[in-house]
Structure formats: C-alpha cells, structure tokens
1. What is the number of the single condition among (1) part of a strand (DSSP E or B); (2) modelled with pLDDT of 90 or more that residue 63 does not meet?
2. In region 66-98, what count of residues is obtained for those that are among the aliphatic types (A, V, I, L, M) and in a helix (DSSP H, G or I)?
3. Go through region 38-60 and give me each residue that's assigned to a loop (DSSP other than H, G, I, E, B) and modelled with pLDDT of 90 or more.
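The values are calculated or read from the model by the stated rules, or taken from the named source; none is laboratory data. For clarity, every value in this text was computed on a predicted model and none was experimentally measured.
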Amino acid sequence: MADGSDTTPTADQTAVAGQTPNGLVSGIQSFAAGHGGAKAVIEYVGKRGARIVLVGEDGVWADQFAESTDVARLACAKAGVAVENEWERELVDQMRPGHDLWRSMARRTFAR
C-alpha cells in the first residue's frame, strides 16, 4: 500500500472524529437550506484532508474542506445531508456550473 492510503483509524483520528468544527456543520446546513436540500460526495485529498462537494437540488454546487474523511462524514450527518458513495451519473447530470466557472475554464489553455 502507498503511504497515506491506509484507512485504519489511529488514536488521533478517532479523537478528532467525534468533534466537528461548528463552522463546517453550519456551512453545510446553510448551503442545503439555500438550495432546496443537498447531497454530498466526500473525496480524500491527501494530507490536506477531505473535500466535501455539495450538490444542491437546484444544481448549484460548492465545496468545503475537513480535516479527514471521518470528520467530513460526521459533519454531513450532523447537518442532515446524505453522503453518496461515489459520483453517480444522475448526481453529475444534476450539477449546473455557474458563469464564473465557465469563464475560468475558457481562459485555460492546454499544452499539445
């Protein structure tokens, strides 16, 4: 196994998993309330922790960061947002990128 890919919780992770930052939970709740509900996909991003991608029922999406995947799952549970196990086609089809994202993608050039 590669370094960092082990999912066995250590004593430090277990202690942190019981606590979630209030700002993280309230941010998830606020997003869900403002977009008619939401679903979440949690992505492990290495030493940085975990990315919580929130997809609102209206197609708007945003993301938040947590210390670990355990903290991210706990925060979503406390906020009342369902966590999807992976990116399902229906969830991806529901996402509607905003104008700012389209503009930023238009400015990118790809090397040949």
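1. (2)
2. Of the residues in that region, 8 qualify.
3. Correct list: 45, 49.
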